[in-house]
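Chemist: One structure follows; several queries about it will come next.
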Amino acid sequence: MSAATIDISTTSDARIPLRSHLRHTGALIRRNLLWIRQDPESMFDAVLFPVIFTLLFVYVFGGSIGQSLGGGQEAYVQYVIPGLLAMMGMNMAQGVGTGFNTDFNSGVMDRFRSLPIGRGSVLFAKIVVELMRMLVACAILVVVAVLVGFDITHWPGLFAAVGLATVFGSALMWVFLTLGVVMKNAQSVQAMGFLVLMPLQFGSSIFAPTQSMPGWLQNFTEYNPLSSLADAARGLMVGGPVAHGLWVTLAWSIGLTAVMAPVAIHKFRTKT
């Protein structure tokens with residue numbers, strides 16, 4: 001696609017009214033949902049991830065870590081399920097980047113950018129559909145959690161925790177959308193995501209309390225947004241402090257969206 005074509009599409013994008021943006025976004029959401037219907041294998045990660053990780057951590061690590069919590073496997077179930085809920089958005093966000101990059105390399109995005117539609121609508125539609133997939137994964141996680149013994153005592157807190165994880169997940173999606181645009185192939189996006197996600201996931205309070213970690217790692221977990229999200233979700237779902245983790249998570253979500261959303265849209269508009 002030539003630079004002249006990109007300039008014309010960028011200029012026309014600025015003149016598209018809000019109602020047209022919403023209509024374009026709705027049409028693209030429908031297109032993405034139809035694609036999932038035609039390719040049900042694309043839902044494997046959303047369906048299998050919560051099942052595999054719940055069973056893995058509860059039955060492999062539940063006994064030993066649960067004893068450090070003063071209980072056993074039952075205590076660890078109450079601890080780890082809110083953490084897995086917090087991790088759900090991060091793993092779903094990575095899939096946004098790889099899928100977006102694949103669409104670019106297959107020429108799908110070039111066809112979209114040649115049409116008189118809002119450029120931001122393409123990205124917003126992608127995020128909305130991925131959030132739907134994330135909600136499916138959260139619902140499956142809750143069902144599996146109940147089956148392994150999780151006691152839901154705060155239903156409003158459960159829904160609030162899902163909402164908070166969704167907000168943070170949507171903010172992370174802008175980061176991975178940017179990676180999907182600037183990286184050359186889906187493997188590079190996946191590798192970069194792995195390098196970022198692994199330290200954040202395991203250097204947090206998602207899977208285990210941080211008190212037994214080395215001092216330098218405890219300092220890292222204090223500033224890790226996943227720790228704040230996991231702690232807030234834990235407080236909402238099973239009781240405990242909520243305010244600090246809630247506000248820190250919201251601050252990270254707003255900051256990431258404010259910085260990365262304009263970058264992702266700009267990179268999408270100007271990619272050649």
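The values are calculated or read from the model by the stated rules, or taken from the named source; none is laboratory data. Worth saying up front: this structure is predicted, and the values here are computed from it rather than measured. Neighbour counts run over all protein chains shown; Cβ positions are idealised from the backbone, glycine included. Side chains are part of the model used for accessible areas, which takes the heavy atoms of the whole protein and leaves out ligands, DNA and RNA. Shrake-Rupley method; radii C 1.70, N 1.55, O 1.52, S 1.80 Å.
Chemist: In whole percent, what relative contact order does the chain give with Cα contacts below 8 Å and a gap of six or more residues? Kindly include the intermediate steps, with their values, before the conclusion.
Modeler: On the way: 363 pairs, mean separation 72.4, N = 272.
It rounds to 27 percent for the chain.
Chemist: Need the C-alpha centroid separation for segment 226-251 versus segment 155-205, integer Å.
Modeler: Between the Cα centre of segment 226-251 and that of segment 155-205, the gap is 17 Å.
Chemist: Ranked from the most accessible area to the least, with a 1.4 Å probe and all protein chains present, what is the order of 147, 256?
Modeler: Values: 147 140, 256 35 Å².
The residues order as 147, 256, largest area first.
Chemist: Now a separate question. For segment 142-272, treating each Cα as an identical point scatterer without solvent, what Debye log10 I(q)/I(0) comes out at q = 0.14 1/Å?
Modeler: Debye curve over Cα of segment 142-272, log10 I(q)/I(0) at q = 0.14 Å⁻¹: -0.75.
Chemist: Ranked by accessible surface with a 1.4 Å probe, highest first, in what order do 217, 123 come? Please report the intermediate quantities before stating the final value.
Modeler: On the way: 217 35, 123 0 Å².
So, going from the largest accessible area down, we get 217, 123.
Chemist: Quick check of the Kirkwood formula: for segment 113-173, what is the inverse mean of 1/r over all pairs of different Cα atoms, in Å? Write down the numbers at each step before the final one.
Modeler: Details: mean 1/r = 0.0740 Å⁻¹.
With all distinct Cα pairs of segment 113-173 included, I get 13.5 Å.
Chemist: Further, regarding this structure: Enter the accessible area per residue of the chain (Å², integer; probe 1.4 Å; all protein chains in place). Walk me through the intermediate numbers first.
Modeler: Numbers: 13080 Å² over 272 residues.
Ligands and nucleic acids excluded, the result is 48 Å² per residue.
Chemist: I've got another one for you. Please work out how much accessible surface residue 192 shows to a 1.4 Å probe, ignoring ligands, DNA and RNA, in Å² rounded to 10.
Modeler: So the heavy atoms of residue 192 present about 70 Å² to solvent.
Chemist: Turning to a different aspect of this structure: One quarter of the convex hull surface, Cα atoms only: what value does that give for segment 56-184 in nm²?
Modeler: 9.5
Chemist: Loop by DSSP (not H, G, I, E, B), at most 15 other beta-carbon atoms within 10 Å: where is the longest site-free stretch of the chain for trypsin sites (Lys or Arg not before Pro)?
Modeler: Longest run free of exposed loop sites: 1-183.
Chemist: Could you state, as a whole-number percent, how many of the C-alpha pairs of segment 206-272 are farther apart than 21 Å? Each step should come with its number before you reach the end.
Modeler: On the way: 916 of 2211 pairs.
Roughly 41 percent, once rounded to a whole number.
Chemist: Once ligands and nucleic acids are excluded and a 1.4 Å probe is used, how much of residue 51 is accessible, expressed in Å² to the nearest 10?
Modeler: Per-residue accessible area (residue 51): approximately 50 Å².
Chemist: While we're here: Could you give the length gained on full extension between residue 254 and residue 153, defined as 0.36 nm per residue of separation minus the Cα-Cα distance, in nm?
Modeler: Details: separation 101, 0.36 × 101 = 36.36 nm, distance 2.96 nm.
Extra length available between residue 254 and residue 153 comes to 33.4 nm.
Chemist: Percent of Cα-Cα pairs more than 34 Å apart in the chain, please. Let's see the in-between values first.
Modeler: Working: 8579 of 36856 pairs.
The calculated P(r) of the chain puts 23 percent of pairs beyond 34 Å.
Chemist: Explain nothing, just the number: dipole magnitude of the chain about its Cα centre with +1 on each Lys and Arg Cβ and -1 on each Asp and Glu Cβ, in debye rounded to the nearest 20. Numbers along the way, then the final one.
Modeler: Details: 16 positive and 12 negative charges, 227 e Å.
Rounded to the nearest 20 debye, it is 1080 debye.
Chemist: Another question about this same structure. At 0.36 nm per residue, minus the direct Cα-Cα distance, what do residue 22 and residue 34 gain on full extension? Give it in nm, one decimal, please. The partial results should precede the final answer.
Modeler: Values: separation 12, 0.36 × 12 = 4.32 nm, distance 1.83 nm.
Result for the pair: 2.5 nm of gain on full extension.
Chemist: Let me ask another. Using DSSP H assignments, which helices in the chain have an axial alpha-carbon span of 20 Å or above and a mean Kyte-Doolittle hydropathy of 0.5 or higher? Could you put the intermediate results ahead of the total?
Modeler: Details: long enough: 18-38 (30 Å, -0.42); 73-105 (47 Å, 0.23); 119-147 (43 Å, 2.08); 155-182 (41 Å, 1.80); 186-202 (24 Å, 1.15); 243-270 (40 Å, 0.89).
Answer set is 119-147, 155-182, 186-202, 243-270.
Chemist: So, with a 1.4 angstrom probe, what is the percent of accessible area on the chain that is carbon and sulfur?
Modeler: Working: 8900 of 13080 Å².
Here carbon and sulfur together make up 68 percent of the probe-accessible area.
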